[in-house]
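Please treat every number below as a calculation from the coordinates, not as lab data. As the structure is a prediction and not an experimental result, all values here were calculated from the model. Using ideal geometry, Cβ is built from the backbone for each residue, glycine included, and neighbour counts are taken over all protein chains shown.
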Amino acid sequence: MAQETMSFQAEVKQLLHLMIHSLYSNKEIFLRELISNASDAADKLRFEAIANNALYEDDAILRIRVGYDKAARTITIDDNGIGMSHDEVVANLGTIARSGTKEFFGKLSGDQQKDAALIGQFGVGFYSGFIVADKIAVESRRAGLPASQAVRWESAGEGEFSVEAIERASRGTTITLHLRADEDELLSSWKLKSIIQKYSDHVGLPIEMKAEEWDAEKNEMVTKDAFETINQASALWTRSKSEISDEQYQQFYQHLAHDHQNPLAWTHNRVEGRSEYTQLLYVPAHAPFDMWNRDHRGGLKLYVKRVFIMDDAEQLLPNYLRFVKGVVDSSDLPLNVSREILQESRDVKAIRDGVTKRVLSMLEEMAQAADPAQTDADTTDEDKAKFATFWTEFGQVLKEGIGEDFANRERIAKLLRFATTHGDTAQQNVSLADYVARMKPEQTKIYYVTADTWQAAKNSPHLEVFRKKGVEVLLLTDRVDEWMLSYLNEFDGKALVSVARGDLDLGALNDEEKQQQEKVSEALKPLVERMKETLKDKAKDVRLTFRLTDSPSCLVADEGEMSGYLQRMLKAAGQQAPDSHPILEVNPEHPLVKGLSADHADFADWCHLLFDQALLAEGGALDDPASFVKRTNALLLARAG
């Protein structure tokens, strides 16, 4: 096949420009990424060879080799993994298939260290080679193809690349980096070894370089023909915990998750019993860019007897724990395990249950460290802050577990955190246990209000009577809250009740005022009936309320009906919301209501104004804003006259 010249995908051109003209201070990451890709190629060969052992081609010992040539000013990364065919080279090195490309560019912050770390996270690690190289050549042959069907790819990173057929006796891939003029420090055995040991020490197959020894006669280091292994070359999770330092756990996490930050917490243990497996699980310190992408694939790396089976084994984790990173290595699953077997296997269910409980235990330990009542003298400020960081990043995801994981609902509920009227901050740091501990002696329910923002929730007219009586209310502003509350009906025997739903019953909190309220309700019954008739097209019902102290009116949803907040969320998401009218409640003690007379000529305008004000106060949108303005102006002018 003659040499072909092709153009990069538009996104790749933009990415190459970024790499070539980057200001990244941490250039070493290129080697981490290329070694990681080589390790993945070995994993893929192991997996495909389960069904077709001939792919090993009489060379079943997998390894990665790193070398350099001072005279040619090149660095090579060579692996004997799965390799690539012609079409795979064009597809993998000429385009970026991942939908995260735009998000990658959007995440760049100008912080060199953090921006560099994003390269691997977004699946664009190969192109990091252009940080240090002005030309890259790739020679590859896919396992199982004849030597004549190998391929050579080459590019100077200027918008085009060439592809041609070559002869290659061995399977696998060799990447040759032609270094830029100012990258001579990389042409050193010591430098390359230090980078490998820093970033790739825990890669699960040997990373080799040619051995060197001091030649006293020549007074210099001389390269030998034999190779030596630079890294540990053993999977971290297979080693005893006593042999592994915190720094090694953190470095392995960074390699596993392509993350420059250390994890918040991790757990490493071997489970024995009906199902035997080892798990190494991490809770990251920040959410991935695609956490809320419906196509996001989350999960753990699955190994069987140390043989890599798949990335993102979603069946090993419930969806609400999709942020967890880690490895599960099973001794029981068949080597040819498929996604169908994963879905049906009792062993997989046992692993899933065990992983879930282990993650929840980690979160409980973090929450305990953050609780002043449970911490001890050895708890550091960093440990105390970890759960707050976790909740900020993943709290909304964890809330999904209330509806998805019935078996662990109680444990999850104890981990939930909310903003409340107890403090003057939007920070969600109050647990349901904290709330119950502060309840009034005569209080029997947990009260909450939902709104679009913390400010809207805090200033909701529905809270007025609760402030008057000093009763704490949860302020719920996350989009998942309404859905979650359909599954979380009670906590510690106390029912969760919306302050904006149904006929509010404060129980013993309101016993002393009930008799007076009944008298007022009877006296104003004719007025309420007239208002009900006037607003019959807008309101399901009109009634007096004693939940208000400052506002003239508010809207509530009837029991069993969808709240206005949830209806607005559904409409904003383009979904169909059931057509239902709210209940208008009016405050008989407010001057606007006291001055209202059914005989007034503008009675209907006042009724509509009270309704529209209540709708605006809860964050709703008016169907006819122009009529609202016109009606308001007319009433103001009438009062002024």
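Sorted fewest first by neighbouring Cβ atoms within 10 angstrom, M366, M84, M209 come out as M209, M366, M84. For the stretch 236-368, the dipole from Cβ point charges (+1 on Lys and Arg, -1 on Asp and Glu) about the Cα centre works out to 200 debye, to the nearest 20. Ranking A617, A54, I29 by how far each Cα lies toward the positive end of the dipole of the chain (charges on Cβ) leaves A617 at the top.
For Q443, the shell of other residues with beta-carbons less than 11 Å away shows a net charge of +3, using +1 for Lys and Arg and -1 for Asp and Glu.
Placing +1 on the Cβ of every Lys and Arg and -1 on the Cβ of every Asp and Glu, with no other charges, gives the stretch 417-499 a dipole of roughly 260 debye about its Cα centre. To make sure I understand the rule: partners must be aspartates and glutamates, Cα under 12 Å from the Cα of K70, and not fewer than 8 residues away in the same chain. Which ones qualify? Filter leaves E183, D184, E185. Within the stretch 64-97, the trypsin sites (Lys or Arg not before Pro) that combine a DSSP coil assignment with at most 12 other C-beta atoms in a 10 angstrom radius are K70. A compact globular protein would have a Cα radius of gyration near 2.2 N^0.38 Å; the ratio found for the stretch 457-506 is 1.19. Enter the Cα centre distance for the pair the stretch 24-98 and the stretch 413-458, rounded to the nearest angstrom. About 53 Å separates the Cα centre of the stretch 24-98 from the one of the stretch 413-458. For the chain, the Cβ-based charge dipole about the Cα centre amounts to some 780 debye (Lys, Arg positive; Asp, Glu negative; other atoms uncharged).
Just to be sure I follow: if Rg is taken over the C-alpha atoms of the stretch 125-214 and Rh is the Kirkwood radius over the same atoms, what is Rg/Rh? Rounded to two decimals, Rg/Rh equals 1.01. Normalised by the number of residues in the chain, the mean separation of alpha-carbon contacts (under 8 Å, six or more apart) gives a relative contact order of 8 percent. Across all directions, the shadow cast by the convex hull of the chain built on its C-alpha atoms averages 38.7 square nanometres.
In the chain, the DSSP beta bridges split such that about 80 percent are antiparallel, to the nearest 5.
Legend: residue pairs K27/K325; K224/K301; K494/K594; K458/K494, Cα-Cα distance threshold 28 Å; pairs beyond threshold, K224/K301; K494/K594. Listing S551, S331, S597 from fewest to most neighbouring C-beta atoms within 10 Å gives S597, S331, S551. Averaging the Cα positions of each part gives two centres, and for the stretch 576-641 and the stretch 204-268 these lie 72 Å apart.
Take the alpha carbon gyration tensor of the stretch 417-499, find the square roots of its eigenvalues, order them as a ≥ b ≥ c, and report rounded if a/c is under 1.5; if not, report prolate when a/b exceeds b/c, else oblate. Judged from the Cα gyration tensor, the stretch 417-499 comes out rounded (a/c under 1.5). Listed by Cβ neighbour count within 10 Å, with the fewest neighbours leading, W214, W153 appear as W214, W153. Straight-line cross-link reach from K525 at under 15 Å between alpha-carbon atoms covers these aspartates and glutamates, not counting any fewer than eight positions away in the same chain: E533, D541, E585, E589, D599.
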